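After the structure tokens below, expect a handful of questions from me.
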Amino acid sequence: MTAQAADGHAGTKTIASNRRAFHEYSILDRLEAGVVLTGTEVKSLRGNGCSLVDGYVRVKDGEAWLMSVHIPPYERGTSFSQHEPRRDRKLLLHARELSRLVGKLQEKGLTLLPLRMYFRKNHVKVELGLARGKKLYDKREAIKARDVRRELERAARRR
């Protein structure tokens with residue numbers, strides 16, 4: 001099975017996705033960024049994956065930082081070479097992309113979240129989403145629509 005068949009994107013291998021973000025937020029825009037990692041973090045991502053659930057992006061001093069993403073320690077590494085699991089990680093973005101994001105983040109109610117982390121040509125990338133929080137009734141509507149879609153699929157399979 002190719003990488004495209006596994007996760008739906010050509011030439012990529014998904015490490016982790018943030019399903020909770022799609023439930024809690026409306027995603028308005030997406031972009032791709034590189035991540036600055038240490039050697040044990042990359043090895044750990046290949047074997048163990050990571051958790052994007054509590055992650056968010058903060059822009060400070062003209063740089064974007066990935067905060068609160070948990071990458072577990074590398075199992076086979078020595079104790080002195082291990083990385084901090086929840087350390088802040090620098091994101092690699094073009095200056096144009098960063099300035100555009102800073103302008104959009106000034107708007108009230110918008111935040112930048114990691115949606116998916118993946119390997120592309122042996123480089124770790126993160127898909128970021130510009131998001132606005134959903135209200136409770138929006139979440140209920142999304143759940144209702146999903147249930148209706150499931151029922152239609154079940155009915156189509158029965159025939």
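Could you say whether any residue in segment 76-93 is among the β-branched types (Val, Ile, Thr), buried (at least 16 other Cβ atoms within 10 Å of the Cβ) and within 19 Å of Asn48 (Cα to Cα)?
Scanning segment 76-93, I find no residue that is among the β-branched types (Val, Ile, Thr), buried (at least 16 other Cβ atoms within 10 Å of the Cβ) and within 19 Å of Asn48 (Cα to Cα), so the answer is no.
Looking at (1) in a helix (DSSP H, G or I); (2) loosely packed, with under 13 Cβ neighbours inside 10 Å; (3) among the acidic types (Asp, Glu), which is the one condition that is false for Glu97?
Unmet condition: (2).
Please specify each residue of segment 8-29 satisfying the condition of being within 13 Å of the chain's Cα centre (by Cα), of a type in the set (Gly, Ala, Ser) and either closer than 23 Å to Gly109 by Cα or assigned to a helix (DSSP H, G or I) (or both).
Once the filter is applied, which keeps residues that are within 13 Å of the chain's Cα centre (by Cα), of a type in the set (Gly, Ala, Ser) and either closer than 23 Å to Gly109 by Cα or assigned to a helix (DSSP H, G or I) (or both), segment 8-29 yields Ser17, Ala21.
Are there any pairs with C-beta distances below 7 angstrom linking a residue in segment 92-113 that is touching a residue at least 24 places away in the same chain (Cβ under 8 Å) and of a type outside the set (Gly, Ala, Ser) to a residue that is surrounded by 10 or more Cβ atoms within 10 Å (Cβ to Cβ) and not in a strand (DSSP E or B), with the two at least 6 apart or on different chains, and if so which?
Filtered contacts from segment 92-113: Leu92/Val36; Leu110/Lys104; Leu112/Leu101; Leu112/Leu105; Leu113/Asn18; Leu113/Ala21; Leu113/Gly55.
Any residue in segment 30-37 that is touching a residue at least 12 places away in the same chain (Cβ under 8 Å), of a type in the set (Val, Ile, Thr) and outside any helix (DSSP H, G or I)?
yes
I've got another one for you. Checking Leu136 against (1) exposed (fewer than 10 other Cβ atoms within 10 Å of the Cβ); (2) at pLDDT 85 or above, which test does it fail?
The one condition Leu136 does not meet is (2).
Please work out if Val42 is modelled with pLDDT of 90 or more and closer than 25 Å to Lys121 by Cβ.
Here the answer is no, as Val42 does not meet what is asked.
Tell me, which residue of segment 56-91 that is among the aromatic types (Phe, Trp, Tyr) and under 26 Å from Ala21 (Cα atoms) is modelled with the lowest pLDDT?
That would be Tyr56.
Now, a different point. Just to check your reading of the model, which residue among Ala3, Ala16, Ala33 is modelled with pLDDT under 85 and not basic (Lys, Arg)?
Ala3
Separate question: Only one of Leu128, Leu110, Leu115 is hydrophobic (A, V, I, L, M, F, W, C) and either farther than 23 Å from Gly49 by Cα or exposed (fewer than 14 other Cβ atoms within 10 Å of the Cβ) (or both); which?
Sole residue among the options that is hydrophobic (A, V, I, L, M, F, W, C) and either farther than 23 Å from Gly49 by Cα or exposed (fewer than 14 other Cβ atoms within 10 Å of the Cβ) (or both): Leu110.
Now for a separate question. When the residues of segment 25-72 are filtered to those that are closer than 15 Å to Arg116 by Cα and touching a Cys at 6+ places or on another chain (Cβ under 9 Å), which remaining residue is surrounded by the most Cβ atoms within 10 Å (Cβ to Cβ)?
Per the criteria, the residue is Ile71.
The values are calculated or read from the model by the stated rules, or taken from the named source; none is laboratory data. Here the structure is a predicted model, which is why all the values come from computation and not from measurement. Please note: Cβ atoms are built from the backbone with ideal geometry, for glycine as well, and neighbour counts cover all protein chains shown.
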